[in-house]
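The values are calculated or read from the model by the stated rules, or taken from the named source; none is laboratory data. Model, not experiment: these values are computed from the prediction. Here the Cβ positions follow ideal geometry from the backbone for every residue, glycine too, while neighbour counts run over all protein chains shown.
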Amino acid sequence: MVSVTRIIKRGVYIMEQNSDTLNEMKKDYSKIYRTSKRVKMIKKDGTREEFNVQKVIDAVGKSAYRALTKFTDDEKEYICKKVVERVNELEQDEIPIPIMHNIVESALEEVKPIVAKSYRDYRNYKQDFVRMLDDVYKKSQSIMYIGDKENSNTDSALVSTKRSLIFNQLNKELYQKFFMTTDEIQACRDGYIYVHDMSARRDTMNCCLFDVENVLTNGFEMGNLWYNEPKSLDVAFDVIGDIVLSAASQQYGGFTVPSVDLILEPYAEKSYQKYIKKYLALGISEEVAKEQAYKDVTQEFRQGFQGWEYKFNTVASSRGDYPFITVSAGTGTKRFAKLATISMLNVRREGQGKASCKKPVLFPKIVFLYDENL
């Protein structure tokens, strides 16, 4: 009769097991099968450890589990016997791990070839990861001390960019390992194809036509804080800049803000009305107040676009590079929409930098939309 044992831990019922299972769990093959001499294993990190055949049984047991099978007691004893015999046949007292793997695989081939394949595949899997991490380490050393010029949008002199580039190298290796087929990898190595942005494809999407207008309307939440809708043009420029850098960090490739002239138009109108009230309160005539208010809005447009050019070209995103930002304009027909487009083009034409040596910046790229019907 087989007895049943209840396993209870800290008052909580875990499982029931019969006496045969418990005896199997308690069985230690290292006490039954021992080598005729003292043998040490040379581990991968160079350390030494006493040979223990029980560890072999534990390892092949995991391989059998992955192959959806298990060993009988006789099969386990045969494996122990074969492994110990072959270790005894070796003339050396210290055995490297790769040689031990070969001995174990040979014994498994005689007992259960399907488990031998599982054991071999898992070993190759670990070797692939060792190689992968070695490649990442070599690349990280190159990035740390030499830099990286693969992407002109990244400044590898920045610590944040160095970290991002090292992470991207790991992500690239993982993408090749788990998402690309053998044929695709071979085609890349042979130069027939080139897969762009392998470091980012696992996580997010490529390119975005971002609806900033919808985000701004009635306010939004970002970084666990609520942003109210801007009530002036200068605040709108600042908030849009924050939105763009934050959103662009969550994807890769180009990031486009369409129709900025139409987006900024209502906030220019708010600033315009605010300035008129300000000047009227000072006793200035309505005509002069409107004229001066328009000049102030023009100056806000100029400073806002100037601020964008500095922010988008000097502040790296959290992904470690300067996002490829594009803005479009040209379809607005009202005065402030037109003023937005004219101001943006004038700021770009003048460039940034010292007064004596200004130059045009890279971002944002400007797309002027021409419609002959307007």
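Hey, among the residues in segment 228-252 that are in contact with a strand residue (DSSP E or B) (Cβ under 8 Å, 6 or more places away or on another chain) and surrounded by fewer than 16 Cβ atoms within 10 Å (Cβ to Cβ), which one's farthest from T204 (Cα to Cα)? So that I can check it myself, show each step before the final result.
Filtering segment 228-252 for residues in contact with a strand residue (DSSP E or B) (Cβ under 8 Å, 6 or more places away or on another chain) gives 239-240, 242-244, 246-248, 251-252.
If we keep only those that are surrounded by fewer than 16 Cβ atoms within 10 Å (Cβ to Cβ) too, we end up with 242, 246.
Numbers: D242: 20, S246: 14 Å.
Looking at the filtered set, the residue picked out is D242.
Among the residues of segment 126-159 satisfying the criterion of being more than 24 Å from V87 (Cα to Cα), at pLDDT below 75 and surrounded by fewer than 13 Cβ atoms within 10 Å (Cβ to Cβ), which is nearest to the chain's Cα centre (by Cα)?
E150
Can you find a residue that is within 31 Å of the chain's Cα centre (by Cα) and either modelled with pLDDT of 95 or more or under 30 Å from I166 (Cβ atoms) (or both) anywhere in segment 347-355?
In the first step, residues of segment 347-355 are kept if they are within 31 Å of the chain's Cα centre (by Cα); the result is none.
So far as segment 347-355 goes, no, none of its residues is within 31 Å of the chain's Cα centre (by Cα) and either modelled with pLDDT of 95 or more or under 30 Å from I166 (Cβ atoms) (or both).
Just for segment 55-71: of the residues that are among the hydroxyl-bearing types (S, T, Y) and touching a residue at least 24 places away in the same chain (Cβ under 8 Å), which one is nearest to D121 (Cα to Cα)?
S63
Pairs under 6 Å by beta carbon, first residue farther than 16 Å from G253 by Cα and hydroxyl-bearing (S, T, Y) in segment 149-172, partner modelled with pLDDT of 75 or more and part of a loop (DSSP other than H, G, I, E, B), six or more apart or different chains?
Listed by first residue and then by second, the contacts come to S160/G320; T161/G320.
Looking only at residues that are at pLDDT 95 or above and either among the β-branched types (V, I, T) or assigned to a loop (DSSP other than H, G, I, E, B) (or both) in segment 218-227, which one is surrounded by the fewest Cβ atoms within 10 Å (Cβ to Cβ)?
N218
Select from segment 74-121 the residues that are in contact with a Lys or Arg (Cβ under 8 Å, 6 or more places away or on another chain) and surrounded by fewer than 16 Cβ atoms within 10 Å (Cβ to Cβ) and list them in ascending order.
Of everything in segment 74-121, those that are in contact with a Lys or Arg (Cβ under 8 Å, 6 or more places away or on another chain) and surrounded by fewer than 16 Cβ atoms within 10 Å (Cβ to Cβ) turn out to be N88, D93, E94, I97, H101, S106, E110.
Could you tell me which residue of segment 268-321 is farthest from E350 (Cα to Cα), considering only residues that are β-branched (V, I, T) and surrounded by 13 or more Cβ atoms within 10 Å (Cβ to Cβ)? Talk me through it step by step, then tell me what you get.
Looking only at segment 268-321, we keep the residues that are β-branched (V, I, T), and these are 276, 284, 288, 297-298, 314-315.
Within this subset, residues satisfying the condition of being surrounded by 13 or more Cβ atoms within 10 Å (Cβ to Cβ) are 276, 284, 297-298.
Values: I276: 29, I284: 33, V297: 19, T298: 16 Å.
Per the stated criteria, the residue is I284.
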